[in-house]
Every structure is written in C-alpha cells, then in structure tokens.
Amino acid sequence: MTKAKAPFPSMDDLVAYLNDNPGKVGKRELARAFHIKGDDRLKLKDMLKELKHSGKTEKAAGKKLILADGLPENCPCLITGTDSDGELVARPLNWNKQTPCPQILITDLGRLRPAPREGDMVMLKLTPKGKRFFYGAVVRRLSEQPNRVVGLFDTTSGKGGRILSVDRRLHQNYIVDRAHTGKAKNGDVVIAEVAQNTFGGAEKYAKIVQVIGPANAPRAASLIALHLHGIPVEFTEDALKQAEKSKLPDMKKRSDLRDVPLVTIDGEDARDFDDAVFAEPDEDKKNKDGFHIIVAIADVAYFVRPHTALDDCARERGNSVYFPDRCIPMLPEKLSADLCSLKPDLDRPCLAAHLWINKNGKLLKYKFVRAMMRSAARLNYHEVQNVFDGGMPEMNEVLRAHILDLKAAYEVLAQAREKRGALDLDVIEREIELDGKGQVASVTPRERLDSHKTVEEFMILANVAAAEALEEYGVPAMYRVHEPPSAEKAVALQSFLATIGIKAGKTGKLDGDDLNKILDKVRDTPRALMVNELVLRTQSQAFYSPENLGHFGLALEKYAHFTSPIRRYADLLVHRGLISALRLGSDGLIDEDGDLTADLEDLGEHISATERRAAAAERDAEERYLSAYLKDRIGERFGGTINGVSRFGLFVTIDDIGAEGLIPISTLPNDYYVCEEERHRLFGSSTGNTYELGEHVFMTLAEASPVTGGLLFHILDAGTGKRRPAPKKKNKTNKHKEKKK
C-alpha cells in the first residue's frame with residue numbers, strides 16, 4: 001500500500017508554525033516539519049519569499065525565521081542623532097526583536113517647535129521607503145528625555161552635582177544626587193542614566209553609570225565621540241581567539257605573484273595596508289599604448305568566514321572608524337595590522353584583479369585570481385609624487401621605472417574619467433596632526449597630489465571590474481549606489497545660481513555634464529568655494545544596495561566596493577561574491593539554496609547606517625579637537641567664509657584652519673536681519689546689508705568649547721551693502737509685525 005503524501009502546508013500553516021517556534025526554525029526545519037521534499041522545496045521557497053516580501057516574516061540570528069509585526073504607521077520613536085548630512089535620524093522605542101532595528105530619516109518636522117533633538121521621544125508618522133528604511137513625519141513630542149546621556153560632570157553646585165550634555169544640540173542639565181555620583185570627579189566626562197519618573201518635570205535627574213575620563217585629558221575628544229555615537233570598541237572573546245589562531249594559507253590553488261613588483265602606496269601615518277598596485281605596458285600588439293594593471297587586495301575572506309565570531313563582530317561594526325589619535329578597526333589587530341596587512345617582503349594572501357585597458361582608458365577585459373604576493377615596497381604618497389616629478393634619484397632604478405609606469409597608466413585613466421563626465425568637485429579637506437602629548441600640533445589642508453589620484457583611479461577601475469564580474473556571473477552583489485540629485489535639490493541649486501547669473505540644465509534635472517560646466521564657470525573665481533559647497537550639498541547620499549542603480553558622481557553604470565575589505569564589510573561581501581562566482585574556494589557567499597538577495601537588502605541598509613554613524617563620529621571628534629586647539633585664542637581676529645545661512649545665524653569656516661563655527665543672528669550689528677533661504681543670505685531689513693553664502697568675513701572668536709566642539713564668533717564688519725533702500729516710515733504696529741516674521 002502506497003503511503004499517502006503529506007498535504008502541502010498553506011500560508012496560514014507556515015505562519016502558525018513560526019508563531020509556535022519563534023526564532024528556532026529556518027527553511028530546512030520547515031521542510032522537515034511538513035515532510036517537504038524534491039521539487040516541492042522550490043514551492044516552499046517561493047511561499048517563504050512571498051511571506052518575507054509581504055512583511056510577515058523577518059530573518060533572525062543564524063538565518064532563522066520569525067514573524068514580523070512591522071512598524072505601525074504612527075510609531076513612538078527616539079531621536080538618535082543626525083546623519084552625515086545633518087538630518088535627524090530615529091529608531092522605534094523598545095525595539096526588542098532579534099532582527100536589525102529599522103532606520104528612520106525624519107523628513108518633516110510638522111509644526112513642532114523647537115525642533116526635536118537627540119534624546120527626544122516623538123510620535124512619527126512613517127512612510128516605508130525600502131526594506132527597514134522609513135521616512136518619518138513628526139506628529140507630536142512625547143518627551144524630551146533621553147534614556148542615557150553623555151555629559152560633563154560639575155560638582156560646583158554642591159549636593160552631588162550636575163551633568164551638562166556634551167552634545168551641543170541637546171541643551172539640558174541633569175541633577176545627580178550624591179548617592180548616584182559613583183567615582184566621578186568634577187570635570188569628568190560621564191555616561192548617566194536618566195531617571196524614568198521625571199518625564200515632564202522641570203528638573204531632570206540622572207545616575208552616573210560610567211566615567212569616561214577627564215574632559216581636559218589628551219585624546220578625550222575621540223572618546224567622547226565614540227560613546228556619544230555608540231561605536232563598538234571591544235571585540236568578543238571568541239572573535240579575539242579566532243583571530244589569534246589564524247594562520248597564513250599555503251600556496252595550494254593560488255596564483256604566485258610574489259615576483260611581481262606590487263607596491264603599497266599610503267599616507268605616512270597609514271595604519272593598514274590592504275591594497276597594492278602594479279602597471280606595465282600591455283605586451284599584446286593589438287592593444288598598442290594600452291596597459292596591464294594589477295590591483296591586489298588582502299584576502300580577508302580567507303580569515304573571516306561567514307557566520308563566525310569574527311564575522312559577527314565585523315558585520316556589527318560595518319566599517320573601521322578613524323580619528324586623529326586612534327583607529328577603531330573592523331577586525332582585530334592580529335588581522336588588520338598583521339596577517340591582512342600587505343607588508344614589504346612578507347608572503348600575504350590576496351585577491352588580485354588583472355585589468356587590461358586600451359589607450360583611451362577603456363576596460364577591455366579582467367581576470368580575478370586568488371594569489372600569494374610579496375610587496376616590493378611600502379611607499380607613501382610624497383615619495384611617489386617625487387618620482388612623478390623627476391626626483392628621488394637615490395631610488396632603485398627598477399622601482400623608479402615601475403612607478404613611472406603607474407603614472408603613465410594613471411594619465412590614460414584620468415583622460416577617460418574626464419571624457420565620461422565624472423563629477424570634478426574641488427572641496428578642501430583638513431588634516432589634524434597631534435603632538436606626542438595628544439594635543440593638536442597643526443591643522444592643514446589635505447593635499448591632492450597626482451599620486452593620490454593614481455591610487456584612486458586604480459581602485460575605481462578594480463571596483464568597476466568587480467561589479468561587472470558579479471553581474472556577468474549572476475551572483476548577488478553589494479553595489480555602491482549614488483543616485484542623481486533629487487528634483488527638489490536640483491531646482492533649489494538652479495534657483496540660486498540664477499541669482500548670480502548662471503544658468504544650469506533643465507529645470508529640476510542636473511546631469512554630471514551640467515554640474516561640471518557650473519564648476520568650470522566659477523573655477524579660480526571668488527565664488528568657487530561657495531558653488532563647490534552647494535553642488536556637494538545637492539548630491540544624494542551614497543549607500544549600499546544589492547540593486548544596481550549606478551554611480552552618478554563617478555558617471556559609472558556599475559560600481560561595487562572591492563578594494564578595502566580590512567575596513568569595510570561591503571568589500572568583504574564583494575570578495576565573497578567573487579569567490580563564489582569564480583569558484584575560488586568554499587568560503588564565499590554561503591546559503592543552503594543560493595538565495596542571498598534578501599539577506600543583502602538587510603545588510604545594505606545596516607552597513608549604510610554604520611557608515612553614516614562613523615562619519616558623524618569622526619566629524620564630531622574633529623570639531624572637539626579644533627575647539628581645543630582654539631580655546632586659548634578667545635578674542636583673536638580671524639578671516640573666514642560663510643558656508644551656511646540659517647534663521648538663527650551664519651555658519652563660517654575659518655581660513656586655513658578649516659574649523660567651523662556659528663555667528664548668532666542676534667549678534668549681527670545695526671539691523672534686524674531676515675533669512676532669505678532661497679538666496680542663502682541674511683538681509684538687513686533697514687540698511688539692506690547682506691551676509692550671503694560664500695562671502696568672506698572677519699570675526700573674533702567669542703567662545704570655544706572643547707567638550708561640545710562648539711565655536712561662537714562675533715562679526716567685525718557690517719556686511720555687504722548690495723542695496724540700501726531708503727528707510728520707510730513704519731508705525732509701531734507694522735514694525736512689531738516685521739520683527740515677528
């Protein structure tokens with residue numbers, strides 16, 4: 001007698017089983033529970049996909065499934081800070097699921113004034129904009145009380161003390177009873193828990209739970225930024241043990257590149273060396289004046305396998321974080337500074353991209369191999385630039401010749417970059433150098449040498465090849481996506497440019513050629529800095545996604561980060577994808593049925609968020625270091641450029657130093673000033689004096705707070721008198737109304 005086949009489960013059956021076994025089952029367990037075999041597994045897979053896409057299930061730890069309640073349209077949330085564009089971000093309150101917390105970008109403040117700040121609890125109306133990503137509109141304020149606060153402890157008031165938040169956007173004092181001060185001393189930076197029973201009260205109470213250290217201690221700036229932004233610092237014991245046990249692979253199935261003179265090129269203070277380069281004229285006679293380029297990248301995937309303790313830590317961090325005084329690495333030092341660091345004259349495993357370009361810089365073909373290499377030299381950018389310029393006669397002639405081949409290949413790639421219309425922004429970055437005591441010794445503009453650009457163009461070429469290879473083999477990939485400017489931002493830029501006589505593109509649409517023409521028109525003019533800054537602000541924020549949407553800024557159709565797996569989890573995912581696609585080992589992307597797209601969606605959102613978190617922490621630390629650098633120069637005169645205009649004042653950047661501060665609108669002289677947002681200026685309603693974006697001004701430093709990173713200035717001149725209408729006679733009522741606008 002033939003045994004009756006078990007009935008195939010319905011959607012309700014699957015949901016009921018998941019409800020009874022939360023976080024304990026995956027596809028394999030479901031197949032076993034319902035006796036699903038053979039081709040029916042594909043049907044089960046489709047049903048689970050449908051459940052996931054409908055939002056009814058989510059992935060938990062270890063690839064198990066749980067039911068997803070989703071987020072309600074009106075959701076209570078906590079403001080967690082700002083992203084790299086200064087926009088407020090939030091998370092749902094009391095998120096206790098096993099899945100990653102959704103990301104919420106606040107796009108509408110409604111009528112809530114003053115605007116919410118980090119630590120505030122608000123009711124948001126949510127609009128889904130992707131997997132685990134929402135836009136939020138503020139409905140109402142629930143509470144202005146953060147659960148935890150990082151602040152400066154002050155005992156001068158007696159009876160315990162007070163805590164002042166180190167986040168200058170959160171102007172709040174917290175009272176600390178003597179019994180709750182712990183071992184904190186006056187002037188310490190502390191972490192405190194805010195009492196939950198004081199919501200709505202006039203005074204806020206807190207209990208100190210951790211002492212970070214004295215606020216005036218060297219290197220305190222980065223410690224404050226770490227804790228303020230919740231950057232993970234410690235590795236798990238299991239991850240450290242796994243790293244310590246790691247050993248170099250043997251040559252089995254690896255290409256031997258140890259005789260190829262690959263070199264690393266980095267800054268003098270570089271902390272890891274995960275990429276090496278080589279170039280030579282192509283020997284193929286059909287490719288006259290073309291080049292063969294090799295970009296070799298540390299084989300991090302060999303040491304960091306999926307679903308291990310090391311992988312868990314790397315994924316949680318998402319990326320390394322760099323401060324002037326320290327690096328918080330994505331991987332333990334045993335890997336990041338040793339086994340995965342391409343040190344000279346040492347065998348190191350790598351994933352290498354062989355790249356062939358023609359004389360016009362077009363990528364003709366590529367080949368990825370797993371190899372063993374031995375760096376021929378550890379060079380810095382200045383040494384390479386010196387060779388480019390004809391210097392360094394003492395250098396080995398063979399090495400000099402290889403460096404000049406790098407230059408020749410770069411010049412071909414640079415021409416191709418210009419031809420395809422990649423965005424050519426000229427934005428000055430600053431470099432902070434510390435002395436032996438951890439104090440700021442100097443602040444200088446970061447150089448942009450041809451040696452820097454050479455490495456950048458080689459890395460871009462390898463990234464393009466990686467994206468093309470993954471797409472060619474149909475393997476799920478993590479793309480680096482940069483979308484064109486939104487219509488709203490394009491219109492705002494075009495409207496402003498029209499006021500200074502520059503016409504750009506079709507209304508509401510700007511392509512790379514349009515933006516480069518704008519930048520060319522103002523190059524070497526007084527408006528260059530201002531327009532470059534505005535074009536930069538017009539750009540969309542880049543992010544990671546398994547969906548290829550192209551890279552607008554680089555004018556590339558396919559782009560994936562391949563070149564820094566030591567410090568970016570996205571690159572590690574790309575390496576694993578290539579290993580799977582090209583069958584280079586068993587340590588590639590791992591999934592029992594090969595369906596990884598859903599996992600990559602979640603990961604893309606997560607590592608995009610950790611990237612924004614790192615950028616915000618790095619920026620905050622720099623601001624605190626610069627404030628400490630300037631704290632003894634109160635009253636000193638500075639020149640600076642207006643880099644932002646708001647209804648509460650002018651944001652300025654100090655000449656040469658690059659530190660940013662605020663000139664409050666209340667301190668501007670001789671008039672009542674109105675903010676004209678579309679024209680990016682403050683306008684004096686009586687005198688016609690204006691302060692506008694990009695204008696150079698002189699000012700005195702009024703206040704510098706190393707703890708918060710804040711700088712306040714007072715203006716020394718009276719603005720630009722571009723138009724001075726005769727004062728109109730107004731009665732008192734009209735004058736009062738004018739001031740209330």
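Could you tell me whether any residue of the stretch 404-416 is modelled with pLDDT of 95 or more, among the aromatic types (F, W, Y), in contact with a strand residue (DSSP E or B) (Cβ under 7 Å, 6 or more places away or on another chain) and in the same structural domain as S580 (by TED's automatic domain parsing)? There is no residue in the stretch 404-416 that is modelled with pLDDT of 95 or more, among the aromatic types (F, W, Y), in contact with a strand residue (DSSP E or B) (Cβ under 7 Å, 6 or more places away or on another chain) and in the same structural domain as S580 (by TED's automatic domain parsing).
Looking only at the stretch 621-680, which residues are assigned to a loop (DSSP other than H, G, I, E, B), aliphatic (A, V, I, L, M) and surrounded by 18 or more Cβ atoms within 10 Å (Cβ to Cβ)? Steps first, please.
Initial filter on the stretch 621-680 (assigned to a loop (DSSP other than H, G, I, E, B)): 634-636, 647-648, 655-659, 668-672, 680.
Adding the requirement that they be aliphatic (A, V, I, L, M) leaves 634, 657, 659, 668.
Of everything in the stretch 621-680, those that are assigned to a loop (DSSP other than H, G, I, E, B), aliphatic (A, V, I, L, M) and surrounded by 18 or more Cβ atoms within 10 Å (Cβ to Cβ) turn out to be I657, A659, L668.
Which of the following residues is farther than 27 Å from D299 by Cβ and over 31 Å from the mean Cα position of the chain (by Cα): E397, E411? After ruling out the rest, the residue left standing is E397. Summed over the stretch 492-532, the residues that are among the β-branched types (V, I, T), surrounded by 14 or more Cβ atoms within 10 Å (Cβ to Cβ) and in contact (Cβ under 8 Å) with a residue 60 or more places away in the chain give a count of 1. Only residues that are more than 24 Å from the chain's Cα centre (by Cα) and either farther than 14 Å from L351 by Cα or not assigned by TED's automatic domain parsing to the domain that holds K365 (or both): list them for the stretch 294-306, please. Hit for the stretch 294-306 is R305, nothing else.
Assessment of the stretch 482-493 against the conditions (under 18 Å from the mean Cα position of the chain (by Cα), of a type outside the set (A, V, I, L, M) and closer than 30 Å to A352 by Cα) yields at least one matching residue.
Looking at the stretch 390-413, which of the residues that are assigned to a loop (DSSP other than H, G, I, E, B) and out of contact with any helix residue (DSSP H, G or I) (no Cβ under 9 Å at 6 or more places or on another chain) is surrounded by the fewest Cβ atoms within 10 Å (Cβ to Cβ)? Spell out how you get there, then give the answer.
Initially, the stretch 390-413 is screened for residues assigned to a loop (DSSP other than H, G, I, E, B), giving 390-396.
Then drop every residue that is not out of contact with any helix residue (DSSP H, G or I) (no Cβ under 9 Å at 6 or more places or on another chain), which leaves 390, 394, 396.
Details: G390: 8, E394: 6, N396: 12.
This residue is E394.
Going through (1) in contact with a helix residue (DSSP H, G or I) (Cβ under 9 Å, 6 or more places away or on another chain); (2) modelled with pLDDT under 85 one by one, R480 falls short only on (2).
Which residue out of E676, E592, E605, E601 is assigned by TED's automatic domain parsing to the domain that holds P476, more than 27 Å from the chain's Cα centre (by Cα) and at pLDDT below 90? Lay out the reasoning, then the answer.
On the way: E676 fails: assigned by TED's automatic domain parsing to the domain that holds P476; E605 fails: more than 27 Å from the chain's Cα centre (by Cα); E601 fails: more than 27 Å from the chain's Cα centre (by Cα).
When all the criteria are applied, what remains is E592.
Quick one: is R583 over 20 Å from C340 (Cβ atoms), touching a residue at least 12 places away in the same chain (Cβ under 8 Å) and surrounded by fewer than 20 Cβ atoms within 10 Å (Cβ to Cβ)? Taking the combined requirement at face value, the residue does not satisfy it.
Looking across the stretch 307-332, just one residue is in a loop (DSSP other than H, G, I, E, B), among the small types (G, A, S) and over 17 Å from R271 (Cβ atoms), and that is G318. Counting only residues that are at pLDDT below 75 and among the polar types (S, T, N, Q), the stretch 685-741 holds 4 of them.
Among the conditions (1) modelled with pLDDT under 90; (2) over 30 Å from E611 (Cβ atoms), the only one that H229 does not satisfy is (2).
When E456 is tested against (1) closer than 27 Å to T653 by Cβ; (2) touching an Asp or Glu at 6+ places or on another chain (Cβ under 7 Å); (3) outside any loop (DSSP other than H, G, I, E, B), just one condition goes unmet, and that condition is (2).
The set of residues from the stretch 260-283 being in contact (Cβ under 8 Å) with a residue 40 or more places away in the chain, of a type outside the set (G, A, S) and over 30 Å from L240 (Cα atoms) comprises V260, P261, L262, V277, F278, E280, P281, D282.
The residue that is nearest to L600 (Cα to Cα), among those in the stretch 23-59 that are modelled with pLDDT of 75 or more and in a loop (DSSP other than H, G, I, E, B), is G26.
What number of residues within the stretch 418-434 are in contact with a helix residue (DSSP H, G or I) (Cβ under 7 Å, 6 or more places away or on another chain) and either on the phi > 0 side of the Ramachandran plot or not β-branched (V, I, T) (or both)?
Just the residues of the stretch 418-434 that are in contact with a helix residue (DSSP H, G or I) (Cβ under 7 Å, 6 or more places away or on another chain), to begin with: 421-427, 432.
From what's left, either on the phi > 0 side of the Ramachandran plot or not β-branched (V, I, T) (or both): 421-426.
Total meeting the criteria: 6.
Out of everything in the stretch 212-226 that is at pLDDT 90 or above and in contact with a Pro (Cβ under 8 Å, 6 or more places away or on another chain), what residue ends up being nearest to A617 (Cα to Cα)? Only one residue fits best here, namely S222.
The residue pairs whose first member lies in the stretch 438-464 and is under 29 Å from L351 (Cβ atoms), whose second member is of a type in the set (A, V, I, L, M, F, W, C) and assigned to a loop (DSSP other than H, G, I, E, B), and whose beta carbons are closer than 7 Å, counting only pairs six or more residues apart or on different chains, are I460/L554; A462/F562; N463/A560; N463/F562. Taken together, S608, S686 contain a single residue that is surrounded by 19 or more Cβ atoms within 10 Å (Cβ to Cβ) and among the hydroxyl-bearing types (S, T, Y), which is S608.
Please enumerate the residues belonging to the stretch 463-510 that are over 30 Å from V295 (Cα atoms), aliphatic (A, V, I, L, M), out of contact with any Pro (no Cβ under 6 Å at 6 or more places or on another chain) and part of a loop (DSSP other than H, G, I, E, B). If you could, list the steps in order and put the result at the bottom.
Looking only at the stretch 463-510, we keep the residues that are over 30 Å from V295 (Cα atoms), and these are 485-510.
Okay, now just the ones that are also aliphatic (A, V, I, L, M), so 487, 490-493, 497-498, 500, 502, 504, 510.
Subset that is out of contact with any Pro (no Cβ under 6 Å at 6 or more places or on another chain): 487, 490-493, 497-498, 500, 502, 504.
Result: I500, I502, A504.
From the set of residues in the stretch 279-288 that are within 38 Å of the chain's Cα centre (by Cα) and not small (G, A, S), which is surrounded by the most Cβ atoms within 10 Å (Cβ to Cβ)? Top of the filtered list is D282. The set of residues in the stretch 27-40 that are farther than 16 Å from M11 by Cβ and in contact (Cβ under 8 Å) with a residue 40 or more places away in the chain contains only R28. Would you point out which residue out of I265, I293 is of a type in the set (V, I, T), buried (at least 18 other Cβ atoms within 10 Å of the Cβ) and farther than 27 Å from S580 by Cα? Being of a type in the set (V, I, T), buried (at least 18 other Cβ atoms within 10 Å of the Cβ) and farther than 27 Å from S580 by Cα holds for just one of I265, I293, which is I265. The single condition from (1) without any contact (Cβ under 8 Å) to a residue 24 or more places away in the chain; (2) under 21 Å from the mean Cα position of the chain (by Cα) that T538 fails is (1). Would you confirm, using the coordinates I've provided, whether P249 is out of contact with any Gly (no Cβ under 8 Å at 6 or more places or on another chain), farther than 19 Å from E622 by Cβ and surrounded by fewer than 19 Cβ atoms within 10 Å (Cβ to Cβ)? When the stated conditions are applied, P249 passes them.
Kindly indicate which of I328, I297 is over 26 Å from A467 (Cα atoms) and of a type in the set (A, V, I, L, M, F, W, C).
Working: I297 fails: over 26 Å from A467 (Cα atoms).
Being over 26 Å from A467 (Cα atoms) and of a type in the set (A, V, I, L, M, F, W, C) holds for just one of I328, I297, which is I328.
In the condition set (1) modelled with pLDDT of 75 or more; (2) loosely packed, with under 13 Cβ neighbours inside 10 Å, G160 is compliant with all but (2). Residues that are part of a helix (DSSP H, G or I) and not hydroxyl-bearing (S, T, Y) within the stretch 285-306 comprise K285, K286, N287, V300, A301, F303, listed in sequence order.
The values are calculated or read from the model by the stated rules, or taken from the named source; none is laboratory data. Bear in mind that the values here come from a model prediction, so they are computed numbers and not experimental data. FYI the Cβ positions are ideal-geometry reconstructions off the backbone, even for glycines, and counts take in every protein chain you see.
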